[in-house]
Amino acid sequence: MIIQWCIKGLNLDDDAAARDIVDCRGGILCNWWRTVGRIDTALRRERLTSANLNVHVNHFTVIDPSCGKPFSTMTPFISLSAGTVERDAAARTNLVHRARRTALWFGTEFGRRSIAFLYLCWVVLAPRQAVEIEGVGEEVRDLNTYRRYSAFQTEGEVVAKIWIPDNQIRACEKWTWDRSAHRLALDWCHPNQRFTPPERLSNVRELL
Amino acid sequence: MSFRHLEAMQLEAERVRAAADFLDDYGRLCVHDLQQLESRTSRTTESGSMIGPVDDDQRWAIQADAASAFREAAQWALCFDPARARDLLDLAGSLFSQLGYSFGSYLRVLANRWVDLPVREFMRDLDGLASLYGLRERSADIVIPEPLNHPQQQAYLMLACIGSPVVADQLSNRLGQILESSPHREGVTPVGAQGTPIRRYWEIATALFQQQSGAAALVADHVAAMARSQAEAVELAMSNTHLWRNAASAVDVGNIDMAGIAAIGIGRFGGEAMRGALDEQMRLMGDRGRMLMEIALEFAESTPHDDY
């Protein structure tokens, strides 16, 4: 298993709503859960499929034929950015981006809003694709053919499933983009007091 | 103008401008972070703290992130504001160059804002490459920047050298020798956003360098092939409307390889000859490919050219 640090960028109504995600212990929910309010355990299995993952990654806004609603509102997956910062790959592609950049672009609703909330969290990834297993996230690098430098895409996009527990979120950050002043800045950082470091999962046993 | 092409590709002008602004400002944020990091390091060094120097990986990641952000901002700006694109390419190129990437030199040559062209550095890199190919004996005084071990960086070094009249003139012997004897003449290593085989870049570089009869047509033929490949990628990316329309797709519209090669071609062959050869190719091309070529060509034609 791989423990991957990621960032989720969200646009929320206000500071209180942003802090609530960690303070009220709700964590980050998938849009499906947020849309319907309550989700059925059996249905989770039905929705965690490779076909739905493909729709999530490649056709996010299409109508989901199973419910007649936009897939974006009914997805069981949560997109996260992990960044691509490997030196050898960079020398081949001339492209590096840290997770923060993608999270900010999504969090500002692609530049439409001036505020974004970023959540720094960790997820457990399986070394192989395991879409139907809810407890592990997926790397989605191989799901399409057209991506920039697909031959070298080593990391960068991750999807979590159903929800990210609040104790896997280290902090929430509020960022402001003042476009006319050319200024992108961190306003505040709200650490999660209940955060559990991923080192707890380490398989290295200390010598006593 | 290019905004017309963007609209035809279902991209709103405002979204494209916002993407360029955002990436520009994000790049500035990274540069600011980098300065903060450096100042923290110097403070801890002065106070004799036990804290070690700034993690080199951290510094590298921030700088490479900044360079990439400026580069991508430039690719968007290339579609609507060539002068701004050149400023951004120069910024990106400068940061990449500091990291030892020949791609950075290529961007700076393309931006044409380089005041003191470092001919000695180009010479050092060409000597390094010659020693890698066994054209020169390896010696301790030849230091090869680590990224130059990658074929992709070697291809951009060739284009950067040929794109600069001073370097192409002063180092022409070295350039000619490397172009003719490199294994990349037959290479299949993917280069650039569309994973173009390196042999294509090498043929382009050789044609631009040698300027033989029919060279402009050959270069145009290669640029057209790159445009066709990019057009297919764009078409596929457009099916993901959410990412595409929000300028969040991992496929570029402004192609700095095509734009750069066309710009160098104009410098080497003259505007009329290069435009004529590209027009010939565009006549045979589908709508999407033609638009991508026109965006690149508009940028190339707006670039001020130094005399060879």
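The residues on offer are B:225, B:220, and the sole one that is in a helix (DSSP H, G or I), crowded, with 17+ Cβ neighbours inside 10 Å and either more than 14 Å from chain A (Cβ to nearest Cβ) or of a type in the set (D, E, K, R) (or both) is B:220. With a requirement of 3 or more residues that are within 29 Å of residue B:21 (Cα to Cα) and touching a residue at least 60 places away in the same chain (Cβ under 8 Å), the helices (runs of 4 or more DSSP H) lying completely within region B:88-182 that satisfy it span B:102-111. Taking residue B:198, is it under 30 Å from residue B:231 (Cα atoms), within 21 Å of the chain's Cα centre (by Cα) and more than 14 Å from every other protein chain (Cβ to nearest Cβ)? So residue B:198 fails the test.
Across region B:235-261, the number of residues qualifying as assigned to a helix (DSSP H, G or I) and either without any contact (Cβ under 8 Å) to a residue 40 or more places away in the chain or within 14 Å of chain A (Cβ to nearest Cβ) (or both) comes to 13.
Would region A:43-51 turn up any residue that is farther than 21 Å from residue A:133 by Cα and of a type outside the set (Gly, Ala, Ser)? Among the residues of region A:43-51, not one is farther than 21 Å from residue A:133 by Cα and of a type outside the set (Gly, Ala, Ser), which makes the answer no. Residues in region A:9-31 that are within 14 Å of another protein chain (Cβ to nearest Cβ) and not in a helix (DSSP H, G or I): A:9, A:11.
Restricting to region A:110-130, give me the number of residues that are under 17 Å from the mean Cα position of the chain (by Cα) and at the interface with chain B (Cβ under 8 Å from one of its Cβ atoms). Total meeting the criteria: 1. Checking A:49, A:93 one by one, the residue that is among the hydroxyl-bearing types (Ser, Thr, Tyr), away from chain B (no Cβ under 14 Å) and over 16 Å from the mean Cα position of the chain (by Cα) is A:49 and no other.
Within region B:74-90, not a single residue is more than 30 Å from residue B:14 (Cβ to Cβ) and at pLDDT below 95.
The values are calculated or read from the model by the stated rules, or taken from the named source; none is laboratory data. Keep in mind it's a predicted model, so treat the numbers as computed, not measured. Backbone-built Cβ (ideal geometry, glycine too); neighbour counts: all protein chains shown.
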